[in-house]
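K.L.:
Got a structure for you, written out below as structure tokens; questions coming shortly.
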């Protein structure tokens, strides 16, 4: 069973730029959730994708957007990066109907300068 | 607004000491409760979860947690910690029917050999 993978591991961007983070879900999982974990904080829910549609969103502005592909992998896009976007971005996969059993990837560390 | 509180930010224990980490949540409806652990350099892993039934839940690696509905609490316990338990511990709550988890800010546990 292949676990959740994320790429890249680390990323450094400049304020105002755009970034795309990628996630491959665990084998057999069709739901992907994205979380932002700022330093010293717990993960905060950004949004979830199920069958290529957004299926719930947290309190994040529209410049945070996502996609899910037919193979259930997913992208998180952030436009107009701000310094406060610096964080660890976590992807979690689950099976539709069992969203409570979320399996997390290692995360992408984004630094905005 | 729903919130999850972990009052202990950093706990330092000697090996064989007993552990109790506090978790309180503010949501009044039916919830599912989770404890996740993040070992140094590793991804978030599920320790244990509570959905219904016996309020005393046993998880992996000798951890257990007790759900006390009247206190809105779900404290994590372990009778005798080991050096390998050094990690960050996150309490999380899911409202029944919701897609996402609400996480606390985490408690860093350091176990001294």
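K.L.:
Output the number of the condition that residue B:99 fails; it satisfies all remaining conditions of (1) more than 16 Å from the chain's Cα centre (by Cα); (2) surrounded by fewer than 19 Cβ atoms within 10 Å (Cβ to Cβ); (3) in a loop (DSSP other than H, G, I, E, B).
P.N.:
Every listed condition holds for residue B:99 apart from (2).
K.L.:
Another question about this same structure. Which residues, taken from the range B:66-106, are over 16 Å from residue A:90 (Cβ atoms), in contact with a strand residue (DSSP E or B) (Cβ under 6 Å, 6 or more places away or on another chain) and free of Cβ contacts under 8 Å to residues at least 40 places away in the same chain?
P.N.:
Selection gives B:66, B:67.
K.L.:
Only one of these is touching a strand residue (DSSP E or B) at 6+ places or on another chain (Cβ under 7 Å) and surrounded by fewer than 17 Cβ atoms within 10 Å (Cβ to Cβ): A:83, A:90, A:21. Name it.
P.N.:
Exactly one of A:83, A:90, A:21 is touching a strand residue (DSSP E or B) at 6+ places or on another chain (Cβ under 7 Å) and surrounded by fewer than 17 Cβ atoms within 10 Å (Cβ to Cβ), namely A:83.
K.L.:
When the range B:34-60 is examined, which residues are found to be out of contact with any helix residue (DSSP H, G or I) (no Cβ under 9 Å at 6 or more places or on another chain) and more than 10 Å from chain A (Cβ to nearest Cβ)?
P.N.:
Result: B:35, B:40, B:50, B:52, B:53, B:54, B:56, B:57, B:58, B:59, B:60.
K.L.:
Take the conditions closer than 29 Å to residue A:59 by Cα and in a loop (DSSP other than H, G, I, E, B) and apply them to residue B:53. Does it pass?
P.N.:
no
Okay, residues lined up against (1) exposed (fewer than 12 other Cβ atoms within 10 Å of the Cβ); (2) under 12 Å from the mean Cα position of the chain (by Cα); (3) farther than 26 Å from residue A:57 by Cα:
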position	(1), (2), (3)
B:23	no, yes, no
B:36	no, yes, no
B:69	yes, no, yes
B:95	no, no, no
B:106	no, yes, no
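No lab work stands behind these numbers, since they all come straight from the coordinates. Since we're looking at a predicted model, the values are computed, not measured. With ideal geometry, Cβ positions are generated from the backbone for all residues, glycine too; neighbour counts draw on all protein chains shown.
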